[in-house]
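Asks: Right, I'll just put the structure down here and ask away after.
No value in this document is a laboratory result; all are computed from the given coordinates. None of the values given here were measured: they were computed from a predicted structure. So basically every Cβ, Gly included, is an ideal-geometry build from the backbone, and we count neighbours across all protein chains shown.
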Amino acid sequence: MAASLVTFTLGPTPPPRLDKALSRDVPAEASLSRSRLVRLLAEGAVRVNGAVVTDAKAKVAEGDEVEIAVPEAAEVEMVAEDIPLEIAFEDEHFVVVNKPAGMVVHPAPGSPRGTLVNALLHHFGGELSGVGGEKRPGIVHRIDKDTSGLLVVAKSDAAHHGLAEQFEAHTARRHYLALCYGIPDGSEPRLRGIKGTHFEPDGTLRITTQLARHKTDRQRQAVCFTGGRHAVTRVQVVERLQEVAALVQCRLETGRTHQIRAHMSHIGHGLIGDPVYGGRRKLSERAVGAEAAEAVRAFSRQALHAASLGFAHPVEGTEMDFAAPMPDDMGALLVALGGSFSA
């Protein structure tokens, strides 16, 4: 397989380890992420002053000449499938997709077909410059199978690297709409006594905890305050629904697995329809009427939608924002509960 050569000289006062020095000084136009550089090192693709070096901890010095042989992107074994997609935006660097509820993002042992990646491979028709050494879409972030809404997918290493940096630094803007049990606002004194909660001056509820895999149920995340990963969600009530439920906007400062679902459950306002974190709450027909109570009982997924997404263009730097309307199933549930919905 043919390879392209990336050559450069280490600058002044380089980090003491080769992997860190490479990450600092590799030309930006090479679009080689830190993890990709580590793999290339292990594969013997890096030469320093003419000699192959595979030890990531090798000592380096200013002026060392580096040559990296970057192989062409390899074809992947994943199957391209002609599955309709709603594309919100696309250029040569990335695509923004409005994912429907029920679609898995990436193939896995339990779902090798019918995923967003399978659909994108067909959509791109082989026109991928490659991500991580393979001709595949670059999944920068994910949303759960039964959550609908926006996500961005890179089409090249350069875009993947630029987008991943923004998500890691929490500068990407992500807002979700959700329907929850109860009304999580400042008029509920109970919320102020829950560990990890705080009301900001504008009334936004800030939830700050750690999240870690549950000790006995490996399919869910557990709120904790030692260990785990730092997680911050901000919640604002958009509409009160018969004083028994609410349409809320959730803004992610971090983006952990199941973060919104776990945080809303932690504060006692689980999402309607959530089979894992929503609990077994029911709305009384006497309180909301038979139609609304039945709509809640019949809603078969977590009522969660990734409604907006914003970030700086990973190559050009311009700020970009995208929005996706609430899907019909959540809209119908909102109306049944007495709310207003426009498609």
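Asks: Using the beta-carbon distance between Arg297 and Ala42 and R0 = 51 Å, what value does 1/(1 + (r/R0)^6) give for FRET efficiency, to the nearest 0.05? Mind showing how you got there, number by number?
Replies: Details: r = 53 Å, r/R0 = 1.05.
Once rounded, the FRET efficiency stands at 0.45.
Asks: Give me the net charge of Ala222's neighbourhood, meaning all other residues with Cβ under 10 Å from the Cβ of Ala222; Lys, Arg count +1, Asp, Glu -1.
Replies: That works out to +2.
Asks: Here's another thing I want to ask about it. Among Tyr277, Tyr176, which comes first, second and so on when ranked by fewest other beta-carbon atoms within 10 Å? Mind dumping the intermediate values first?
Replies: Values: Tyr277 18, Tyr176 23.
Going from least to most buried by this count: Tyr277, Tyr176.
Asks: Something else: Could you please rank Met326, Met320, placing first whichever residue has the fewest other Cβ atoms within 10 Å of its Cβ? Intermediate values should be presented prior to the final figure.
Replies: Values: Met326 21, Met320 16.
Listing Met326, Met320 from fewest to most nearby Cβ atoms yields Met320, Met326.
Asks: From the convex hull of the Cα coordinates of the chain, what is the mean projected area in square nanometres?
Replies: Orientation-averaged projected area of the Cα hull: 20.4 nm².
Asks: For a quick protection proxy, order the peptides 60-70, 299-309, 192-202 by their average other-Cβ count within 10 Å, most packed first.
Replies: 299-309, 60-70, 192-202
Asks: Which loop GluC sites (Glu not before Pro) in the range 264-323, with loop taken from DSSP, have no more than 12 other Cβ atoms within 10 angstrom of their Cβ?
Replies: Glu316
Asks: Relative contact order for the chain: what percent, with Cα pairs under 8 Å and sequence separation of 6 or more?
Replies: Dividing the mean separation by the residue count of the chain yields 14 percent.
Asks: Using Cβ contacts closer than 10 Å as the measure, can you line up Cys224, Cys250, Cys180 from fewest to most?
Replies: The most exposed by this proxy come first: Cys224, Cys250, Cys180.
Asks: Stretched out fully, how many nm does the piece from Arg34 to Ala58 gain, at 0.36 nm a residue minus the Cα gap? Kindly include the intermediate steps, with their values, before the conclusion.
Replies: Numbers: separation 24, 0.36 × 24 = 8.64 nm, distance 1.58 nm.
Between Arg34 and Ala58, full extension yields an extra 7.1 nm.
Asks: Using a basic spin-label model with each label point 7 Å from the Cα along Cα→Cβ, how many nm lie between Arg24 and Asp217?
Replies: 4.7
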